[in-house]
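Colleague: Below: one structure in structure tokens.
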């Protein structure tokens with residue numbers, strides 16, 4: 001009897017936790033960075049990234065763009081995948097040379113450059129896994 005009650009309780013908690021996670025899902029379209037952070041990111045981008053990805057983020061024949069067709073490439077991931085790539089593989093001549101704060105600011109600038117809305121809070125490395133990378137603005141369902 002106790003095992004049945006315990007199993008039912010665990011199942012109920014799992015259902016509630018899953019429902020809460022679905023309701024609190026955050027998207028890159030939810031204003032996950034601040035304008036000030038994107039401004040710092042722009043400065044860092046120009047210093048560390050623009051020589052390969054160009055000042056307008058358009059890339060060239062050897063380096064991919066960070067705007068436009070860039071968006072669908074990260075579809076279905078969370079923002080931490082992009083952050084992790086930037087943190088470990090960039091800049092190409094000094095991979096991993098920039099710290100988490102600089103990389104987060106650069107990611108904020110990339111989001112701004114892709115016309116994603118800013119918000120009041122700053123993007124932080126500890127929140128990245130909770131932010132889904134949706135290439136198109138998600139449709140929010142209204143509760144009935």
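Since every read-out is calculated from the coordinates, none of them should be taken as a lab result. All of these numbers come straight from a predicted model, not from anything done at the bench. Virtual Cβ from ideal backbone geometry, glycine too; neighbours counted across all protein chains shown.
Colleague: Using a 10 Å cut-off around each Cβ, can you sort 109, 33, 85 from fewest to most neighbouring Cβ atoms?
Modeller: 85, 109, 33
Colleague: May I pose another question? Rounded, prolate or oblate: which one fits the stretch 19-129, using the alpha carbon gyration tensor with axes a ≥ b ≥ c (rounded when a/c is under 1.5, else prolate when a/b beats b/c, else oblate)?
Modeller: Because a/c hits 1.5 or more and a/b exceeds b/c, the stretch 19-129 counts as prolate.
Colleague: Given a cut-off of under 8 Å on Cα pairs at least six residues apart, what relative contact order in percent is computed for the stretch 22-132? Don't skip to the answer; put the middle values down first.
Modeller: Values: 158 pairs, mean separation 51.9, N = 111.
Relative contact order of the stretch 22-132: 47 percent.
Colleague: Go through 116-124, 60-68 and give me the packing order, highest mean Cβ count within 10 Å leading.
Modeller: 116-124, 60-68
Colleague: Starting with the fewest neighbours, write out 80, 30, 126 ranked by other beta-carbon atoms found within 10 Å of each beta-carbon.
Modeller: 126, 30, 80
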